[in-house]
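Okay, so here's the structure we're looking at.
The values are calculated or read from the model by the stated rules, or taken from the named source; none is laboratory data. Owing to the predicted nature of the structure, the values given are computational and were not obtained by experimental measurement. For neighbour counting, all protein chains shown are included, and Cβ atoms are generated from backbone atoms with ideal geometry for every residue, glycine included.
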Amino acid sequence: MEKSSRIFIAGHRGLVGSAIRRELERQGYTNLLLRTHAELDLMNGPAVEAFFAEEKPDYVFLAAAKVGGILANNTYPADFIRDNLEIQTNVIDAAWKSGVERLLFLGSSCIYPKMCPQPIKEEYLLTGPLEPTNRPYALAKIAGIEMCWSYNRQYGTKYLAAMPTNLYGPGDNFDLKKSHVLPALIRKAADAKANGDKSIVVWGTGTPRRELLYSDDLAQASVFLMNLPEEKYAKLLNDSEPPLINIGTGEDLSIRELAEAACRAVGFEGSLEFDTSKPDGTPQKLMDVGLINSLGWKAQTSLDEGIRLTYEWAKDALVLTPA
């Protein structure tokens, strides 16, 4: 990408999109195309097509999505599959029609089977049943990967699908009804500390293992992939397998250990109580990051440092001010 390339970040105000925007600005890119939901509803196909026809972006980061944790996925399954299918279908099709050079579709590690061998290789896609609690979202993201692959094969596009592990960072959602596990734990610890509580409740048994990636690391990986030399980028796109690449740290820890890390960052010294009536979700999701590491990228932010930065952001943004 040239510094003056026209770059559209779909979802630039979300956790992923805002990190990509910060990274592009940090690297000196000067022609970012940004639209809020009020300015451009990505679920409105004609509006998306008109935007692409007028602005003609050279590169697209497709980070817009409806996301949430176990509770949100269980409560709004129709919203998760419908909204994500509409967003990605509209953007991918409009990108092809307007001649976009490269597109990076951001997905999630939940696309892989629930009982996947660990660590999870890209080739494990569609080799077993999905985790039931986020199946609608996962199926939408799998459809997005298939769309990228299909457009590449039929139209000669250069669309790549990147699957990050569990993400966290500035701009995360700390609403306990909609958040993922780490921001929920940070929220609970912060509220307990403010209220003088002696314990916090953690969903499940605390034994499932999770891999966490700081959002700014994902952003660096995303820009890195879009800037790969043509010969390296082309090797990621072929007719025989999906244009898929994992992004993660290659390390994981238990939910109990994650809760303890969140408490350390917040300064909450109380105990943990585990509500085993709540679902655990997938027992382990550790990504095999050999492919992206072999290309020259590796995550840099430690978990403790990332949680500290996320907590500081949340305090500064008044996200964690008790009601």
Among the residues of the stretch 282-321, write down those that are assigned to a loop (DSSP other than H, G, I, E, B), of a type outside the set (Lys, Arg) and closer than 22 Å to LEU15 by Cα.
LEU286, VAL289, TRP297, ALA299, GLN300, THR301, SER302, ALA317, LEU318, VAL319, LEU320, THR321
Out of the residues in the stretch 285-308 that are of a type in the set (D, E, K, R), in contact (Cβ under 8 Å) with a residue 12 or more places away in the chain and within 19 Å of SER109 (Cβ to Cβ), state the one that is surrounded by the most Cβ atoms within 10 Å (Cβ to Cβ).
LYS285
Being part of a loop (DSSP other than H, G, I, E, B) and touching a residue at least 24 places away in the same chain (Cβ under 8 Å) is the filter here; which residues of the stretch 165-175 pass it?
THR165, GLY169, PRO170, GLY171, ASP172, ASN173, PHE174
Could you look through the stretch 7-23, keep only residues that are modelled with pLDDT of 95 or more and of a type in the set (D, E, K, R), and pick out the one that is nearest to GLU86 (Cα to Cα)?
ARG21
What are the residue pairs meeting all of these: first residue in the stretch 206-219, first residue closer than 16 Å to GLY107 by Cβ, second residue assigned to a strand (DSSP E or B) and of a type in the set (Phe, Trp, Tyr), Cβ atoms under 7 Å, and 6 or more apart or on different chains?
SER215/TYR168
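Every residue, every condition in (1) β-branched (Val, Ile, Thr); (2) at pLDDT 95 or above; (3) within 21 Å of ALA184 (Cβ to Cβ); (4) surrounded by 21 or more Cβ atoms within 10 Å (Cβ to Cβ), yes or no:
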| site | (1), (2), (3), (4) |
| --- | --- |
| ALA219 | no, yes, no, yes |
| PRO229 | no, yes, no, no |
| LYS232 | no, yes, no, no |
| ASP239 | no, no, no, no |
| ILE247 | yes, yes, no, yes |
| GLU257 | no, yes, yes, no |
| ASP280 | no, no, yes, no |
| PRO283 | no, no, yes, no |
Quick one: which helices (runs of 4 or more DSSP H) lie wholly within the stretch 34-119 and hold at least 3 residues that are surrounded by fewer than 22 Cβ atoms within 10 Å (Cβ to Cβ) and at pLDDT 95 or above?
45-55, 77-98
